[in-house]
Amino acid sequence: MKKFMKRFAKKWCAALSCACVLSAASVTLAEEREHKPLKWWQTTSVYQIYPRSFADTTGDGFGDIPGIIRHLDYLRRLGAGAIWLTPVYPSPMVDNGYDISDYTAIDPLYGTMEDFDRLVAEAKKRDIRIVMDLVFNHSSDKNAWFQESKKSRTNPKADWYIWRDAKPDGSEPTNWRSIFGDSAWTWCEERGQYYLHTFAPQQPDLNWENPEVRRALYDAAIFWLDKGVGGFRIDAIPYIKKPAFRDGVPDGEDGLVSIHAMTANTPGILAFLHEFKKEVFAGRDIFTVGEANGVQPKDLPRWVGEDGVFDMVFEFGHMNLSLKNGEIWCRPTEWKLTELKAAINATQEATRENGWCPVFFENHDQPRCVDHFFPEGADREKAAKAMATILLTLRGTPFIYEGQELGFSNVAWPSIGDYNDISSRGQYEIALNEGFSPKEAMKFVHFFSRDNARTPMQWNTGDNAGFTTGKPWLPVHDDYAVQNGEVEMWDENSVFSWYRQLVEFRRSHPALRAGSYQELLPNDEQIFAFARTVSSYQLVTVVNFSLEPAKIPEEIIAGKTLVMDSEGPGETAILRPLEARIYQAVR
């Protein structure tokens, strides 16, 4: 291993020195301090781990916490300063851990609390912080709280969840459709009432109007802070405040309306969240990032920054360009590069003076970015490098999702029975109900399925890509023999090596940490270009998103020096298909 590391380090340093023609030595720390001092989470990158798919040490086919510990050095080499774990709490796993039965324990599937404590300690040795996923909109229906709540209308926890009587005809209280399809209401015989679930029936929504519920959730978060975690990602937070319970205008053949359209970002939600911040986050050296689908860029000043409630917010304007007709996969819409740039620019502008944004193009709920953002037939390695260049040069904290640094792509399994994802199954049924054939419905699943991002991590060329010695819970992608960590770490031209170069480049250039953001070429349908500037120093990123050569306007690169190029030397003013470049200027 030591011999391998020395060899890799030598190749890596040589590649980086070739790529970075000019250094940032002329930009002093004093110049960077002209801007507001940055916090630790603004100067690093975050690596998201889907624990059940990362590394298995027991042979049961599921990833575990000891597997994460085993690969901490890999993450440190990548430059991660924080690891966001999707839920590792006890769960029936109806939604792979996002249905929590105990908020202050570790599911035996992943290990023990001692394993978790060791993870925090070992990560700290490598200057990496562990970030937990808080799922506070809902719990599992197996949670002790819900088990009590459903017993009777007079139980001490009777109103810890959202219960409503049936309509006079016995039907559901409203015509809301859950995110996963079908009614958002499920009948409970014991209480003789319906309960609300934004997601699956096994994920009943908690009643945030009840102060006892809020206190219990705050105490659960504090439990993990006392364990030494470095922050939280807060799941599905725009849904915690419910509006009046009324029917909406149906938006599908089933006569239902999306619960997202009816409940997301309801007025009054920020009062809850300011209390959450005061009781849990305030005064601690951590970061918080809310998952806020439904929050618009114009809303961000109230959600982030000194006067907001979170340090950052995942908003999905740039991720949902294909879903302008609502979050139903069989109604995709075409989009243009100018729309993607406009969505990113809107977020950048909304947080320019007050706030910070997470930069992301993948997570556990999204398809792989090389399929999501590039034309069909695009070279996946080139596309992965192009997106990495955008990710690591935009203003904000970069979030790298497990496998993204290796250029992972979507899967296309033949049958819906091959898919584990509960959402994929629900969306498949919606497509059939809307008149699509099974073959057509599968095409939507192939493109949008959350299982695209959940296939096991590919570590080497061995059985099951080195993920497990047993049968993996999801099949390993069939490209693992050429696309895995071991192969890519040896290859100085790989996607992984490009990520490492960009991470190091970002670390050594103040313009990428503290610089302002300026969109360039907003109307160009081939090139994504922007400038990052601090004092007299500027970096310009230009990326060709098309499969045709693209000419760079002279004013964009005049007087600048090329310092990084994903494709190597080429024609000065012509970007090759999917080529990414970074230029430097001292003004």
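The values are calculated or read from the model by the stated rules, or taken from the named source; none is laboratory data. All figures in this text were calculated on a predicted structure; none of them were measured in a lab. Heads up, the Cβs are rebuilt from the backbone with ideal geometry, glycines too, and the neighbour counts pull from every protein chain shown.
Quick notes
One line per residue, one yes/no per condition, for (1) outside any loop (DSSP other than H, G, I, E, B); (2) touching a helix residue (DSSP H, G or I) at 6+ places or on another chain (Cβ under 9 Å); (3) surrounded by 22 or more Cβ atoms within 10 Å (Cβ to Cβ); (4) on the phi > 0 side of the Ramachandran plot:
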residue	(1), (2), (3), (4)
PHE447	yes, yes, no, no
ASN452	yes, yes, yes, no
THR455	no, yes, yes, no
ASN460	no, yes, no, no
LYS471	no, yes, no, no
LEU474	no, yes, no, no
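- Single residue of ILE416, ILE400 found to be surrounded by fewer than 22 Cβ atoms within 10 Å (Cβ to Cβ) and β-branched (Val, Ile, Thr): ILE416
- Unmet criterion (only one of (1) part of a loop (DSSP other than H, G, I, E, B); (2) modelled with pLDDT of 95 or more) for GLN147: (1)
- Filter result for GLY305 (crowded, with 16+ Cβ neighbours inside 10 Å, at pLDDT below 95 and either among the charged types (D, E, K, R) or over 30 Å from LEU432 (Cα atoms) (or both)): yes
- Checked against (1) over 18 Å from SER140 (Cβ atoms); (2) of a type in the set (S, T, N, Q); (3) not in a loop (DSSP other than H, G, I, E, B), THR186 passes all but a single condition, namely (1).
- Boolean, ALA216 is within 15 Å of PHE136 (Cα to Cα) and within 23 Å of the chain's Cα centre (by Cα): no
- For GLU327, the conditions (1) in a loop (DSSP other than H, G, I, E, B); (2) touching a Lys or Arg at 6+ places or on another chain (Cβ under 9 Å); (3) farther than 23 Å from ARG532 by Cβ are fulfilled apart from (2).
- Of the residues making up the range 225-255, those that are surrounded by fewer than 22 Cβ atoms within 10 Å (Cβ to Cβ) and assigned to a helix (DSSP H, G or I) are LEU225, ASP226.
- The lone criterion from (1) aliphatic (A, V, I, L, M); (2) surrounded by 17 or more Cβ atoms within 10 Å (Cβ to Cβ); (3) within 23 Å of VAL304 (Cβ to Cβ) left unmet by ILE259 is number (3).
- Matching option when the condition is more than 24 Å from ASN175 (Cβ to Cβ), part of a helix (DSSP H, G or I), of a type outside the set (D, E, K, R) and out of contact with any His (no Cβ under 9 Å at 6 or more places or on another chain), among THR288, THR347, THR338, THR333: THR338
- Filter pass, ALA221 being buried (at least 16 other Cβ atoms within 10 Å of the Cβ), within 22 Å of THR266 (Cα to Cα), at pLDDT 95 or above and assigned by TED's automatic domain parsing to the domain that holds ILE422: no
- Any hit, the range 103-122, residues being touching a strand residue (DSSP E or B) at 6+ places or on another chain (Cβ under 7 Å), under 30 Å from GLY81 (Cα atoms) and either at pLDDT 95 or above or in a strand (DSSP E or B) (or both): yes
- Scanning the range 257-269 for residues that are assigned to a loop (DSSP other than H, G, I, E, B) and out of contact with any Asp or Glu (no Cβ under 8 Å at 6 or more places or on another chain) yields ALA264, THR266, PRO267, GLY268.
- Taking the range 463-479 as the range and being modelled with pLDDT of 95 or more and under 24 Å from the mean Cα position of the chain (by Cα) as the test, the residues that pass are ALA465, PHE467, PRO472, TRP473, LEU474, PRO475, VAL476, HIS477.
- Filter result for GLU353 (without any contact (Cβ under 8 Å) to a residue 40 or more places away in the chain, more than 30 Å from GLU253 (Cβ to Cβ), of a type outside the set (A, V, I, L, M, F, W, C) and assigned to a loop (DSSP other than H, G, I, E, B)): yes
- Scanning the range 165-178 turns up at least one residue that is among the aliphatic types (A, V, I, L, M), modelled with pLDDT of 95 or more and closer than 22 Å to LEU256 by Cα.
- Those helices (runs of 4 or more DSSP H) of the range 478-587 in which at least 3 residues are of a type outside the set (D, E, K, R), under 30 Å from SER53 (Cα atoms) and touching a residue at least 60 places away in the same chain (Cβ under 8 Å), considering only elements entirely within it, cover 485-490, 495-508.
- Only listed residue being farther than 27 Å from GLY252 by Cα, outside the structural domain of VAL563 (by TED's automatic domain parsing) and among the hydrophobic types (A, V, I, L, M, F, W, C), chosen from CYS330, CYS369: CYS369
One line per residue, one yes/no per condition, for (1) modelled with pLDDT under 95; (2) surrounded by 22 or more Cβ atoms within 10 Å (Cβ to Cβ):
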| position | (1), (2) |
| --- | --- |
| VAL482 | yes, no |
| TRP490 | yes, no |
| GLU504 | no, no |
| LEU512 | no, yes |
| GLN518 | no, no |
| ASN523 | no, no |
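- Scanning the range 412-419 finds one or more residues that are touching a His at 6+ places or on another chain (Cβ under 6 Å), touching a residue at least 12 places away in the same chain (Cβ under 8 Å) and over 27 Å from TYR517 (Cα atoms).
- Exactly one residue out of ASP159, ASP169 is over 26 Å from the mean Cα position of the chain (by Cα), more than 24 Å from VAL213 (Cα to Cα) and outside the structural domain of PHE223 (by TED's automatic domain parsing): that is ASP169.
- Scanning the range 237-288 for residues being under 20 Å from GLY355 (Cβ atoms), among the aliphatic types (A, V, I, L, M) and out of contact with any helix residue (DSSP H, G or I) (no Cβ under 9 Å at 6 or more places or on another chain) gives a total of 2.
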